[in-house]
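For reference, the structure discussed in these notes is given below.
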Amino acid sequence: MKKRYQFLAILLLAIWLLVLVTPVSLLAAPKTLIVDEMNVLTQSEKDNVNARAEQISAKYNMDAVFLLATGDYRAGSDLTAYSKAVYEKLNLSQNGFIMSFDEKNALWEFVAFGSAQGVIGEKVPYEWFDAFDKEKTYIAGISAYLDSVEAFLAANIGVPDTSGTTDTSEATDNSGTTDTSGATDSSGTPDTTNTPVPTTPGVRQLPRLVDSVGLLSPDQAVELTAKLDEISQRHQFDVVVAVVPELDEREARLFAADFFEQNGFGNGSNLDGAILLLATKERDFGFAAFGHGLRVFTPAGQKYLDKLFLPYLKKDQYFEAFMAYANGVDDFVAKANTGQPYDKGNIPKTAAEILKLRLIGVLVSLGVGLALAGGITSSWKRQLRSVYQEDSAHEYVRDDSIVLSQKYDTFVNNFVDKTARPKDNDRGGGSTFSSSSGSSATGHSGKY
Amino acid sequence: MDLMDYKCPNCGGAIRFDPGKQDLVCPYCDTVLSVESLKSMDEQLQHAPEKKGESVSLDYEGKEWQEGEQQGMMVYSCNSCSGEIVGDETLGATSCPFCGNAVVMTATFSGTLRPDRVIPFKLDKKEALAALQRHYVGKKLLPRVFKDRNHLDEVKGVYVPFWLFDVEAYAEIDYSATKVRVWSDSDYDYTETSVYKAFRAGTIGYQRVPVDGSKVIDDTLMESIEPYDFAEAVDFQTAYLAGYFANKYDVDAKQSVSRANERIKTSTESAFAQTVVGYDTVDARKTSIQLQSGGICYALLPVWLLSTSWNDGKYIFAMNGQTGKFVGDLPLDRAAYKSWFIKILGITAAALLAASQIIVTFL
């Protein structure tokens with residue numbers, strides 16, 4: 001009996017000792033991601049935004065920190081170094097970033113760590129700070145900042161596989177996983193330009209929606225991604241939308257094709273799929289399709305596809321444009337699967353075209369009606385008039401009386417006018433071309 | 001011989017010229033007399049030889065009436081338009097053939113020159129009335145009530161005085177002409193314009209260009225019933241006036257020649273322009289046309305004048321008494337005009353609208 005008590009005592013002691021030596025980090029204590037040195041947030045507000053930041057950090061495996069600095073750091077440091085020090089002091093993961101705001105000195109700073117350096121482009125922090133700065137209160141500003149962060153991460157990273165694996169096959173990863181370790185360059189933009197990402201055909205490196213510029217809200221990004229995924233899986237045909245800040249020397253369709261290929265998009269060995277890529281700086285768009293897409297998207301068909309999404313793009317209605325594009329591709333692939341892809345002779349009219357034709361029909365009907373009514377009644381009216389002055393005397397010319405005594409024709413000069421022929425500016429239609437790797441694709445470029 | 005009375009040698013009734021028979025006919029005893037027989041009788045009345053119409057200058061001298069030739073001819077003067085018409089005393093005109101107003105004064109015919117030539121009436125009153133009815137046919141915007149013959153006020157056969165000008169035109173005309181050649185390559189459309197100067201000089205002759213010599217008769221109305229076939233013109237004989245009115249000229253040859261010249265110049269320019277061939281455009285730049293009179297003839301040409309009144313308006317129609325060409329402006333039925341316009345517009349627009357919408361639906 002005594003031994004039994006001794007055993008229990010030892011067990012309790014062991015447990016107590018274990019608790020004592022266990023690192024704080026293993027106790028899953030809440031992270032501090034919102035640092036309020038200025039003491040402008042209530043505890044409740046601080047808890048709320050911190051919880052939100054924690055959710056984002058957990059969802060995207062990337063710690064999102066916001067620091068409201070007092071400015072006292074300036075005695076021995078600058079805001080950049082201080083931000084780094086604060087981030088490290090918070091004992092967070094290696095992948096994350098900190099946005100610092102020093103109201104006293106009117107400064108702000110952004111520092112990224114680990115994989116965040118590759119994902120977040122140079123311009124993105126400015127947009128995030130703008131989101132914060134636009135709001136009138138600190139709590140609203142921090143909330144807006146977190147909204148922007150989440151929108152960007154949703155578009156560019158996606159929701160990681162909950163299993164924590166990097167299996168990107170269609171069968172196990174419906175939401176799309178992201179390996180961003182090699183996907184960004186030092187400038188912070190997606191690496192789709194000069195350094196192709198080593199890929200294996202069919203192994204996707206990025207989600208099907210890549211919005212590097214943040215054109216879409218988080219909700220829109222989620223909805224569009226789901227749409228692209230659903231269509232892609234149903235048709236076994238990758239449907240991709242990408243937004244990049246700017247192009248390089250390549251035209252948009254080649255840029256799009258390389259982006260598609262180098263990031264592992266495309267179904268099967270033929271890389272069946274299509275991509276619509278926007279470059280916001282140039283307001284260029286490029287469309288490219290591989291594999292089965294060469295049959296799906298005929299030149300005439302691509303012209304029709306443009307009509308579906310381009311009107312929205314021109315009005316900067318990006319979500320509507322991308323959804324129209326996705327639905328269009330869905331329709332195109334389904335049509336091609338019947339053996340008759342959209343081509344000359346079976347291109348349907350868009351609603352706008354039909355409306356335009358109907359209006360033209362109305363105007364032409366009225367115009368022709370007016371012309372006919374006016375013409376007929378005028379001719380009837382003219383029938384009532386038969387008294388006219390006779391201005392010539394042709395009837396009274398004596399037969400063969402015209403005699404030319406002098407007749408000569410002299411060349412004076414000549415001149416040539418030349419006018420430039422209208423160029424075929426129709427960007428639609430598309431044609432086949434080769435990607436940088438030599439793969440055959442079809443596509444076209446244009447402005448929006 | 002009292003030829004001017006044109007009494008029938010059989011019954012003493014007033015005889016008239018019959019356009020169908022081209023002879024003089026007595027409406028009372030149906031006696032037919034040839035114009036030639038009347039002419040021979042006319043010649044017997046001749047006390048002095050006729051002056052030859054040799055003058056070809058604008059100073060037209062013309063021929064004087066023979067003694068007794070004007071006897072029995074009356075002048076009817078219209079109070080409204082001042083028109084004067086000539087006829088025998090048996091005509092008894094009740095209204096002016098030019099404006100439809102009542103003729104109120106008569107006087108004995110005198111003065112003016114004797115016509116050189118006359119084209120006798122070939123068509124009679126019945127044919128004029130039939131032509132008027134044909135004139136109404138097929139005119140959808142003519143008021144129905146206007147077609148009612150009851151509105152016809154007067155139908156008169158009138159010999160209208162015309163001056164006939166024979167003219168030689170000498171023209172010198174500079175033309176600017178161009179030839180245009182068009183071709184294209186992949187980048188440009190080219191238009192080569194070669195400019196030429198063309199010069200034409202020469203003569204062209206006109207014969208018997210008619211100008212109405214009466215003020216009261218609308219010149220435009222008379223020009224509208226041209227042309228006349230002057231091959232059928234004959235030497236004037238007062239016998240041809242029997243049963244018809246004749247209008248005295250009150251615009252002399254000098255006043256009339258300007259109108260003939262206008263027409264001749266227009267035709268000369270046109271005729272010479274047709275000799276400048278092989279070009280895409282031809283524009284006359286400098287024109288000099290000199291006209292030389294080749295003779296003037298004073299002639300009476302046959303015209304049927306019909307006057308109607310409707311809605312307080314007078315409508316004058318004219319028919320070429322030789323060829324039957326019928327002219328005359330008609331009133332417009334405005335209600336019918338609007339109604340037809342709306343009907344045609346409605347039906348056409350509705351049909352096209354339906355068709356276009358169906359086509360769009362099936363596109």
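At-a-glance table
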quantity	calculated
Dipole of the range B:233-313, positive direction: furthest Cα of B:Asn311, B:Tyr279, B:Ala242, with charges on the beta-carbon	B:Tyr279
Rough spin-label spacing in nm, given labels placed 7 Å along Cα→Cβ, for A:Leu363 and A:Ser269	5.5
Residue pairs, from the table B:Lys139/B:Lys338; B:Lys126/B:Lys325; A:Lys59/A:Lys136; B:Lys147/B:Lys338, whose Cα atoms sit over 24 Å apart	A:Lys59/A:Lys136
Gyration tensor (alpha-carbon) shape descriptor, the range A:363-448, a/c threshold 1.5	oblate
Peptide B:334-346 - average C-beta neighbours from other chains (10 Å radius)	4
Other-chain or far-sequence residues with amide H under 5 Å of A:Ile34's (modelled H)	A:Phe66
The range A:258-415 pair-distance distribution - Cα-Cα, 5 Å bins, rounded %	2, 6, 10, 11, 10, 8, 5, 4, 5, 5, 5, 5, 5, 5, 5, 4, 2, 1, 0
Per-residue average of Cβ from other chains inside 10 Å of B:274-284	1
The range A:25-75 shape via C-alpha gyration tensor axes, a/c threshold 1.5	prolate
Burial ranking of peptide ranges B:174-187, A:139-152 (average Cβ count within 10 Å, highest at the top)	A:139-152, B:174-187
Over the range B:183-293: Kirkwood hydrodynamic radius from C-alpha pairwise inverse distances, Å	18.6
Prolate/oblate/rounded label for the range B:298-352 (Cα gyration tensor, a/c 1.5)	oblate
For the range A:317-383 versus the range B:320-347, the gap between their alpha-carbon centres in whole angstrom	41
Contact order normalised by residue count of the range A:30-109, Cα under 8 Å, 6+ apart, percent	32
Nitroxide proxy distance, nm - points 7 Å out along Cα→Cβ at A:Ile376 and B:Lys125	4.1
Exceeding the 29 Å Cα-Cα cut-off - candidates B:Lys63/B:Lys122; A:Lys227/A:Lys314; B:Lys265/B:Lys314; B:Lys21/B:Lys265; A:Lys356/A:Lys418; A:Lys31/A:Lys104	B:Lys265/B:Lys314; B:Lys21/B:Lys265; A:Lys356/A:Lys418
Cβ-based exposure ranking for A:Arg385, B:Arg144, in which fewest neighbours within 10 Å come first	B:Arg144, A:Arg385
Residue (of A:Tyr73, A:Met62, A:Ser83) at the positive-pole extreme of the range A:29-83, dipole from beta-carbon charges	A:Met62
Debye, to nearest 20: dipole size of the range B:236-363, +1 on Lys, Arg Cβ, -1 on Asp, Glu Cβ	80
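Where a number appears in this text, it was derived from the coordinates with a stated rule and is not lab data. Fair warning: this is a prediction, and the values are worked out from it, not measured in the lab. Note that each Cβ is placed from the backbone with ideal geometry, even for glycine, and that neighbours are counted across all protein chains shown.
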